[in-house]
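S.K.: Sharing a structure below in structure tokens format, with a few things to ask.
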Amino acid sequence: MKRILIIHTGGTIAMLEDEQTGAVAPSENNPLIGLTSKIDELADFIIKQPFNMPSPHITPTEMNILKRLIEKETKDQQVDGVVITHGTDTLEETAYFLDLTVNLNIPIVMTGAMRSSNEIGSDGLYNFISSVRVASSDDAKNKGVLVVLNDEIHTAMNVTKTHSSNVATFQSPQFGPIGIVTKGKVIFHYQPTYRENYDLTEVSKRVALIKAFAGMDSELFQAIKDLNYDGVVIEALGQGNLPPATLQGIKNLLQSNIPIVLVSRCFNGIAQDIYSYSGGGKELKDLGVIFSNGLNGQKARLKLLVTLTQTNNPNQLYRFFDTKTK
């Protein structure tokens, strides 16, 4: 029997619906902890609950607490896999942070729920059991952090929440899931071709995330400079373009040694330096803006936050983000 470290952090999967008002709120006692004893035939469980928070309350500080907890428990005792229950709003961000910073080959699986434990059609217990099965699978090793909900297995890098309430909300645009969970088996279709890991002891950098829009000017960039941010990620238009009125703000940030990472605000496709008009991707690339191929804005922000602890050299940061150099 495999020994699985269970880490509960809160979220809808640990909440209850008020029968009178329909409002969903955190429960004083996590309902999953009591249920674990009923499925102990699946694995030998080590249960930890470092905090009980809705996922909008999660910050990189809590993500780093999870990282240190995983490293401590796997160092102190035999652990064959890890399952983390988490609220869905920021689940993909915590998953990607751990993917970048935890250097282990055992399966690490994150899961959550779209319906609280006492709602009709609650999906929490089912997702939890599926995640334990994946974390117990030898085939799940060496694949980085995985996200398991609704019978599907996704990578932390590609998965994102696509619907505000649907139980099938987690999808991997362009790539799809890397595996499925059936009643009898855990089946993987393929595995990631590239993994990266960074040493991290503390989270100290501040990185802003902003979204480009028609008519955008330089005011937000000036505010980021004045607020002494360490970096900024821009969800740019199309393949990686910005309105020309933003250029002065972009130049001011770069001249102040504040790195800028650019992704597309489209959830399919990647940002590229294609267009050569004013504000186009080619001009931005020539100015020193870093193009991130394949990450969404929230994950590019976390990656910049992590990589800035390694270096603030633009050329080295470029290599961290540009898949062509890997």
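The values are calculated or read from the model by the stated rules, or taken from the named source; none is laboratory data. Please read all numbers here as calculations on a predicted model, not as lab measurements. So basically every Cβ, Gly included, is an ideal-geometry build from the backbone, and we count neighbours across all protein chains shown. SASA here: full protein model, heavy atoms, side chains in, ligands and nucleic acids out. Shrake-Rupley method; radii C 1.70, N 1.55, O 1.52, S 1.80 Å.
S.K.: What is the residue count in the range 260-281 for residues that are among the aliphatic types (A, V, I, L, M), part of a loop (DSSP other than H, G, I, E, B) and under 26 Å from the mean Cα position of the chain (by Cα)?
M.R.: 2
S.K.: Filter the strands (runs of 3 or more DSSP E) completely within the range 112-217 down to those with at least 2 residues that are within 23 Å of P26 (Cβ to Cβ). Reasoning before the result, please.
M.R.: Numbers: elements: 145-149, 152-155, 179-181, 186-188, 207-211.
Qualifying strands (runs of 3 or more DSSP E): 145-149.
S.K.: Which one of these is under 30 Å from T201 (Cα atoms), of a type outside the set (K, R) and in a helix (DSSP H, G or I): N257, N315, N252?
M.R.: Checking each option against the conditions leaves just N315.
S.K.: While we're here: Here are some residues: K225, K211. Which one is open to solvent by 20 Å² or more (accessible area, probe 1.4 Å) and within 19 Å of G288 (Cβ to Cβ)?
M.R.: Exactly one residue qualifies, and that residue is K225.
S.K.: Considering I84, I13, I39, I7, which residue is farther than 24 Å from L200 by Cβ, open to solvent by less than 10 Å² (accessible area, probe 1.4 Å) and touching a residue at least 60 places away in the same chain (Cβ under 8 Å)?
M.R.: Details: I84 fails: farther than 24 Å from L200 by Cβ; I39 fails: open to solvent by less than 10 Å² (accessible area, probe 1.4 Å); I7 fails: farther than 24 Å from L200 by Cβ.
Answer to the check: I13.
S.K.: Go through (1) more than 30 Å from G124 (Cβ to Cβ); (2) exposed (fewer than 15 other Cβ atoms within 10 Å of the Cβ) for I234 and report which single condition fails.
M.R.: So I234 meets the others, but not (2).
S.K.: Could you tell me whether V207 is at negative phi, in contact with an Asp or Glu (Cβ under 9 Å, 6 or more places away or on another chain) and in contact (Cβ under 8 Å) with a residue 60 or more places away in the chain? Break it down stepwise before answering.
M.R.: Numbers: at negative phi: yes; in contact with an Asp or Glu (Cβ under 9 Å, 6 or more places away or on another chain): yes; in contact (Cβ under 8 Å) with a residue 60 or more places away in the chain: yes.
So V207 passes the test.
S.K.: Moving on to the next point. Tell me whether the range 44-51 contains one or more residues that are assigned to a helix (DSSP H, G or I) and over 12 Å from H8 (Cα atoms).
M.R.: No, there is no match, as no residue in the range 44-51 is assigned to a helix (DSSP H, G or I) and over 12 Å from H8 (Cα atoms).
S.K.: Ok, one more. Would you check if there is a residue in the range 258-274 being of a type in the set (F, W, Y) and either touching a Lys or Arg at 6+ places or on another chain (Cβ under 8 Å) or open to solvent by less than 20 Å² (accessible area, probe 1.4 Å) (or both)?
M.R.: Scanning the range 258-274 turns up no residue that is of a type in the set (F, W, Y) and either touching a Lys or Arg at 6+ places or on another chain (Cβ under 8 Å) or open to solvent by less than 20 Å² (accessible area, probe 1.4 Å) (or both).
S.K.: What residue, of S165, S137, is over 17 Å from the mean Cα position of the chain (by Cα), surrounded by 13 or more Cβ atoms within 10 Å (Cβ to Cβ) and over 27 Å from L308 (Cα atoms)?
M.R.: S137
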